[in-house]
Every structure is written in structure tokens, then in C-alpha cells.
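As C-alpha cells, the structure follows; a few thoughts come after it.
The values are calculated or read from the model by the stated rules, or taken from the named source; none is laboratory data. Model, not experiment: these values are computed from the prediction. Using ideal geometry, Cβ is built from the backbone for each residue, glycine included, and neighbour counts are taken over all protein chains shown. Each accessible area value is taken on the protein alone, full model and side chains, heavy atoms only, with ligands, DNA and RNA left out. Shrake-Rupley method; radii C 1.70, N 1.55, O 1.52, S 1.80 Å.
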Amino acid sequence: MTIQSNAPSITTLANGLRVVTSSIPHVETVTCGLWVEVGARHEPAAINGISHVLEHMAFKGTTRRTALEIAEEIEAVGGYLNAYTSREATAYHARILKENVPLAIDILADILQNSTFDATEFEREQSVIVQEIGQTFDTPDDIIFDYFQNTCYPEQPMGRAILGTSEIVRSLTPDQVKTYMKDHYGAHQMVFAAAGKLDHQEMVDMVSEKFASLPLDCPKERAPAVYKGGTFHQERDLEQTHVVLGIEGLPFGHPDYYAASVLSTILGGGMSSRLFQEVREKRGLVYSIYTFASSYRDTGIFGIYAGTSPKQVGELLPVVYEELERFPTTIEMSEMSRAKAQLKAGIMMSLESTTSRCEQLANHMMIYGRPIPPHEILEKVDAVTMDQVVALAKRFFASPQTLATLGPGAGPSKGK
């Protein structure tokens, strides 16, 4: 199982910026971008959401381009420019035809070094972000995860919403965002990643020239995440009750990281998974149910999401708890094989996308300090044993739980 490509190449520039690329000769596009090792968990409570505000404002005008010109220039060549903020990183990336790479790098360098934070644009974008927060609040199967995260990590940065609150976003000033960028966007905290039809040295030369004005080093503080867990319920007039049940998971780099992925896949990773079959196919209690395993630098979450009618919540949770309880003693080799096949296929399929591969390169550099070759990942998945999954399941399911619910009714109580 192979994808035609060259081994990733890495160069660290004089200013500390790491450049990592993967050449894929058979494609005609390139995805490239800058990943910054700062996100929502690095924010003081008073300015929660500022990383996301900064991400938005980077596109709203520079000393060389207006906001409209930034959009027009990339779209004039059929390119795509976007960004996102997570709890531990912020990313700015573009996908373009190979001949337009110089333009993409120039625009990315411009917005990250020459943004003006114009007051009029800032006020307008504050309103846009408040609308985004409102949209998230109106999307119950989205906002429930914010409530769940906050219940897992109460009163600490890891538990706060990435978007912040409308009140905080409204209170921020251009100077605050400009200072935050100055204090956190240093070259040592950045990775420039690219994947597609490219030449590594040409990329290095362009990035070295265009990103010469980056600050060298901006040490950042990261409060340790302390999982606590508990229960949360918000009464809402909805057609469904949305439920997220979880426990503390594993951080990146943990020896059982891939075992957790296998466990998650068997339990709720597809239509053949235990929860999907038992809860949806056999009992018709939900339309959607799945598991997830989210990892961070120093912690993680293993959880189950389900949406059901308010009248069936009382039936849903006992079924889920029963599946968790019997899992360690009933797991079969056929399930292990199927889960590993799903995981390996997903890994290889993602490598056919220049964007997915670019993002993987950046994440690996930030987390592990090197790109992890696909064959190494596949070998680690294959190496997961039945005993490893069983032991992990027993430890997981005996851990303190977090239960978050959103919808009509008093809210279910936490189970076993």
C-alpha cells in the first residue's frame, strides 16, 4: 500500500522557522501554509478567543493589500486561502496550482508580517465573529462539545471555547490583538509546511526571503491541563437531546496512542462498530452515534457522542454503559482486524490529498519534531495487540466520567 512521493525534506532557517515539504510528482497542485504553535489554551481568561480573532484579522488588510485584494489575488489564479484556530495551534494555508506557489507564499508572508489591524475592519470583523459564535450556539451538535470540554477541564484554558464569548470578542481592541501577535508569533514557534508538485530548495529559498521579518522567538506559557470531569446539562427546546459521554484519554506520543484508536474504531468508528449496531441498527435509538479520541500535548479525551429523542435518553445511556462494561471480555480478533484495516485505509487515503498531507507534516513537526513516515504509522497500528486494547478499555471505562447533555428535560444522571 503506497502513495508515490518522495521522503519529506526539512530545513531550519537562520531565524528558526522550520520548513518541511513533501514532493508528490504526480499532482499539479501544492498546499502550503504556516502553522503557529499557539492556540486557545495559551490565552488568559480575560482575552479568551483572541487567537481566533487574530486569525480572522490577518486577512483584513496589510500595508500592501486591502482585504479585497487578498481575496481577489488568490482567487484570480483559482487558488484557495483559509485558516483555522485550535486549542494548541493556529494555521494559515493556501492551495494553488504549482505555478502559483510564489504568489501564495507572498500573500501568506504579507498577512503574517504586515497586517494593519485597521479599526474599521476590526469592528466589522468583531461583528462577523459574534455571528459565528451565535451560529455555533444554534448548532447543538457543535456547541455540546464546548460544554463537554469545559466540564472535562473546568476553570482552565484547556476547557475554554476556542471562539471565546461575544462579550470578550466585543471588548477586544486592535492594539490588544497586535500585541498578542507580537508576543506569540515568533519564528521558533512556527512551521512552514508544503505538499504537492514542488522542489524543496525552491520552497526554502522563497520562504527564507519572504519571512525574513518574523520575530525570532516568542516564548509562550501553557498552563498544564488537569482533567476533572463531572456532569453538565443545559435545558433547550430542541427536537433531540445531544449527549457526550467521555473520560480522560491519552496525549500525543503515549505508548497506547494507537491502541486507543483501535479501541475507538471498534466501539464506535463506523457502521459495523458495536455502538452503531447495537444502539442504532438494533434498537433505533439514534440517528447518529460515534466515538472520538482527541489528543493534546499533555492530555486527551476519549468520548462518545449521540443524539436521541428526549424520551429515549433514559434508554440510550444504559445501553451504552452496558456495551462499555462488556467490551473488554467480548472483543474478537475479527473486530481487531477490521478496525486496523479501517485505520490504515484512512491514513493512506488522506495522503492522496495535498492539504491533508501538508497538515500532517506540520502537526508531526510541532508534536514530534519530525514527520512520521506512513509505513511507521501503519506498523504501529499493526503492532497493537488484543491484550493492549483490553487493558486500555478496562482502565478507560473505570476512569472518572464526564457527561454533558443539551436539550429538553432535566438531563440524565451520570451512570456507572
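Residues in the stretch 23-42: is at least one in contact with a Phe, Trp or Tyr (Cβ under 8 Å, 6 or more places away or on another chain), farther than 21 Å from M206 by Cα and of a type in the set (A, V, I, L, M, F, W, C)?
Checked against the condition, which is being in contact with a Phe, Trp or Tyr (Cβ under 8 Å, 6 or more places away or on another chain), farther than 21 Å from M206 by Cα and of a type in the set (A, V, I, L, M, F, W, C), the stretch 23-42 yields at least one hit.
I need the full set of residues from the stretch 223-255 which are in contact with a Leu (Cβ under 7 Å, 6 or more places away or on another chain) and open to solvent by 60 Å² or more (accessible area, probe 1.4 Å), in order please.
Within the stretch 223-255, T231 is the sole residue that qualifies.
Answer yes if at least one residue in the stretch 204-218 is among the acidic types (D, E), in contact with a helix residue (DSSP H, G or I) (Cβ under 6 Å, 6 or more places away or on another chain) and open to solvent by 10 Å² or more (accessible area, probe 1.4 Å), and no otherwise.
yes
For R274, all conditions in the list (1) surrounded by fewer than 23 Cβ atoms within 10 Å (Cβ to Cβ); (2) of a type outside the set (F, W, Y); (3) farther than 30 Å from E379 by Cβ hold save one; what is the number of the exception?
Here R274 clears every test but (3).
Do you know which residues across the stretch 320-337 are over 24 Å from G284 (Cα atoms) and open to solvent by 40 Å² or more (accessible area, probe 1.4 Å)?
Result: T329, E332, M333, S334, S337.
Do you know which residues across the stretch 179-206 are within 26 Å of the chain's Cα centre (by Cα) and of a type in the set (D, E)?
Selection gives D183 alone.
Condition test on V38, is it part of a loop (DSSP other than H, G, I, E, B), under 30 Å from P251 (Cα atoms), touching a helix residue (DSSP H, G or I) at 6+ places or on another chain (Cβ under 7 Å) and open to solvent by less than 20 Å² (accessible area, probe 1.4 Å)?
So V38 passes the test.
What number of residues in the stretch 127-163 are of a type outside the set (A, V, I, L, M), more than 21 Å from T299 (Cα to Cα) and touching a residue at least 60 places away in the same chain (Cβ under 8 Å)?
The total comes to 2.
If you check N15, N82, which single one turns out to be out of contact with any Lys or Arg (no Cβ under 6 Å at 6 or more places or on another chain) and outside any strand (DSSP E or B)?
N15
Quick check on my filter: what residues within the stretch 128-138 are open to solvent by less than 50 Å² (accessible area, probe 1.4 Å) and of a type in the set (S, T, N, Q)?
T136
Kindly provide the set of residues from the stretch 104-125 that are over 30 Å from G196 (Cα atoms), open to solvent by 20 Å² or more (accessible area, probe 1.4 Å) and of a type outside the set (G, A, S), ordered by number.
T116, D118, T120, E121, E123, R124
Taking E281 as the residue in question, decide whether it is surrounded by fewer than 21 Cβ atoms within 10 Å (Cβ to Cβ) and either among the β-branched types (V, I, T) or without any contact (Cβ under 8 Å) to a residue 60 or more places away in the chain (or both).
Yes.
Kindly evaluate R357 against the criterion of being open to solvent by less than 20 Å² (accessible area, probe 1.4 Å), more than 30 Å from I143 (Cβ to Cβ), outside any loop (DSSP other than H, G, I, E, B) and of a type in the set (D, E, K, R).
yes
Taking I289, is it out of contact with any Gly (no Cβ under 7 Å at 6 or more places or on another chain), of a type in the set (V, I, T) and under 25 Å from K344 (Cα atoms)?
no
Which of the residues spanning the stretch 230-256 are touching a strand residue (DSSP E or B) at 6+ places or on another chain (Cβ under 7 Å) and not in a strand (DSSP E or B)?
Answer for the stretch 230-256, where residues must be touching a strand residue (DSSP E or B) at 6+ places or on another chain (Cβ under 7 Å) and not in a strand (DSSP E or B): R236, L238, Q240, G249, L250, P251, F252.
From (1) open to solvent by less than 10 Å² (accessible area, probe 1.4 Å); (2) more than 30 Å from S294 (Cα to Cα); (3) not aromatic (F, W, Y), pick out the condition that doesn't hold for E75.
For E75, the failing item is (1).
Is the stretch 304-316 home to any residue that is at pLDDT 95 or above, among the small types (G, A, S), open to solvent by less than 20 Å² (accessible area, probe 1.4 Å) and assigned to a strand (DSSP E or B)?
Within the stretch 304-316, one or more residues are at pLDDT 95 or above, among the small types (G, A, S), open to solvent by less than 20 Å² (accessible area, probe 1.4 Å) and assigned to a strand (DSSP E or B).
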